[in-house]
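These notes concern the structure reproduced below.
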Amino acid sequence: MSDVAANSSLTVARGRRVRLHFSLLLDNGEEVDSTRGGSAGECVIGDGSLLPGFEHAIEGMKAGEGGQIPISAADAFGEHRAGNVQTMKRDDFADLEDLAVGLIVSFAGPGGELPGVIRNLYEESVVVDFNHPLAGRDIVFDVAILSISH
């Protein structure tokens, strides 16, 4: 499998290996993740490495292309779902010494570990948000396609 030159006619499509640099920006311009300054990302389109909304945004691009692509919350990390915010007994957290708002706690879930963010602390209860931290946020996918191969 060899990389294809930037002037190749191959485009980003399902089943093709793509090397890319990307940054995730909030709609206010704040960068929350980036491969720039490090190793490029690499994935096979359709393998689940990129969210479907991101894959759809780059479909048809060629090596050497890119840009800043707005992605709606629904197509990025999903909408914030009130049902994913749970109130639990404070006693369930007795083994945690530094319980604080904003702390990410790992819970055992049916498919493995499930992270939750502590949102509120009360005398008898703790509110935990199991939504992705970027759920409900529109983002900008700033991407540069480096190479495409079969």
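Just so it is clear, none of the values below were taken in a lab; they were calculated from the coordinates. Worth saying up front: this structure is predicted, and the values here are computed from it rather than measured. Neighbour counts run over all protein chains shown; Cβ positions are idealised from the backbone, glycine included.
Structure values in brief
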read-out: Near pairs, Cβ below 8 angstrom, 6+ apart or cross-chain, from region 103-132 (assigned to a loop (DSSP other than H, G, I, E, B)) to any residue that is of a type in the set (D, E, K, R) and surrounded by 11 or more Cβ atoms within 10 Å (Cβ to Cβ); value: Y122/R90; E123/R90; E124/R90; N131/R81
read-out: Every residue from region 126-150 that is buried (at least 16 other Cβ atoms within 10 Å of the Cβ) and touching a Lys or Arg at 6+ places or on another chain (Cβ under 8 Å); value: V126, V127, V128, D129, N131, A135, I145, L146, S147, I148, S149
read-out: Test: D98 is exposed (fewer than 14 other Cβ atoms within 10 Å of the Cβ), assigned to a helix (DSSP H, G or I) and more than 16 Å from the chain's Cα centre (by Cα); value: no
